[in-house]
Structures are given as structure tokens and as C-alpha cells.
Amino acid sequence: MQQERRAVAFHRKGSIVRMLLVEDEQRLASLLQQGLIDHGYAVDVAHDGTSGWERIQVEPYDVVILDIMLPGIDGITLCRKLRAAGLNTPVLMLTARDRVRDRVLGLDSGADDYLTKPFAFPELLARIRALLRRESGSRDPVLRAGDVELDPQARTARRGTRSLELTSKEFGILELFLRNANRVLTRSQIAEHVWSDFAAESNVIDVYVSALRRKLSEAGEPNIIHTVRGIGYQLRSRDSP
């Protein structure tokens, strides 16, 4: 898989905005990635549709920026696969094709927006901000899995009728788990969403997850955060099959 990883960046509100850029023109991809990182985003890059699809299946992205003309799986097919898998991640398509029917085809495949090359970088940033605002407004402000609830805006968390007293790091980890219920998260993914300045190999992740488990189960409730050996952790909702 051809891809690059860069330093984690944080959104101005304190939560990381993670993007996947799928672009086969490597020089353009590198320029866009660096520009987006400079503006406070965390950006992964894939240079073909197959690698992009592999990434999308294992990483919880907030935005996908997708070129149409890609080796392997083309952008139209990739967007359709993403939607068929039930993923509602906002997709911004990039393409040199500017005919109306090409734009219609891209939008009908499930894309949320469409930007024709060449484009001005400030316009790309503006379209990304618009997608993030739209996605934020469509989300239920309260996250739930089984009897666990978390309100990101009010900064409160509960299990059943019991309030949870969490540190800021524990709150961030629980929010990440709830946004990705039943999905296995690696220690690196947890580190990138909650910390920015230490190696994922550190046992700090395990210490914080263990503390969060204790607080979630201190009144005798069943454990819902499970260790997946060799990979990371998974929050399993009792309501899931």
C-alpha cells in the first residue's frame, strides 16, 4: 500500500479532524497534504483506489478527498463502495473533468461535493469547512452505546443513571470509542486522537484505558471495552449483533 503518514494536527475546537486524500499524482498529493497539515488537519495519503479502500475500512476519517481518475479502483467506484458499506463520511471529489455529466456522475455516486482541477487552495479549504459544518450539524449531539451515554458539548458522561467522573483524556478516549462502537481501534489510533506528543508504543494508552474500564464498571456493570490481542481495543455495544 502506497501511503504517507504525517504529524497529527488538531481542529481549532480541540478535536482532531482526520482526512484521507486519495490522489495518484504524487507531487500534487504531497503539496495538498502539507498544505492541509499546515492548516490544522491530520492527513493520510493513498495513491491508488485499492489502497484508499483499504484505509477507509480500518481508519475513522472525518473527510475523504477523492480523485476520480485513479489506478486500481477508480474514484466513482470507490465512493459507491464506501456508501454501500454504510459509511457516511463526507466525500469531496477532485477531477480534471469539468463536464456537467461528469459532475452529476460523481455526485450520484455518493459524493457530497465536487471540485474541478485546477483549483485554488483556499477554495478547497472552504469546501472542507463546509462539509465539516454539515456533518457536525447532522450528528446526534449525544453518543450512545448500550447504557453508556456521552454528551460532547455538555462534557458529561453517564452509565445508566450513574454519572461518570472522567479526566479529559478518559473523556476523549470514551468519545472515540463511542463514535466507533464495535470497531477495533489500534493503540496508534487512540494516541493520535487524544495525544500529539508521544509514541504509540508507550503503555500510557493501556493505563488510561484500564482506568476508563474501572470507572465504567465500578458499580458492577459488565465490561464493554475489550482487548483485542495484538491490535488494540473494542467497545462492544450490547445492542449490536
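We did not get these values from a lab; they are worked out from the coordinates using the rules stated. These numbers come from a predicted model, not from an experiment. Backbone-built Cβ (ideal geometry, glycine too); neighbour counts: all protein chains shown.
So here's what we get for this one:
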| item | result |
| --- | --- |
| Ranking of Thr95, Thr167 by count of other Cβ atoms within 10 Å, fewest first | Thr167, Thr95 |
| Two-site FRET efficiency, Ala211 against Ile37, from Cβ-Cβ distance with R₀ of 30 Å, rounded to 0.05 | 0.45 |
| Sorted by Cβ density within 10 Å, fewest first, the residues Thr186, Thr156 | Thr156, Thr186 |
| Computed E for Ala126/Gln26 - FRET, C-beta separation, R0 22 angstrom, nearest 0.05 | 0.30 |
| Local electrostatic count at Leu20 - Lys and Arg +1, Asp and Glu -1, tallied over other residues with Cβ under 11 Å | -3 |
| Pairwise label distance in nanometres, Thr116 with Asn203, each label 7 Å out on the Cα-Cβ vector | 5.9 |
| Burial ordering of Glu23, Glu149, fewest other beta-carbon atoms within 10 Å first | Glu149, Glu23 |
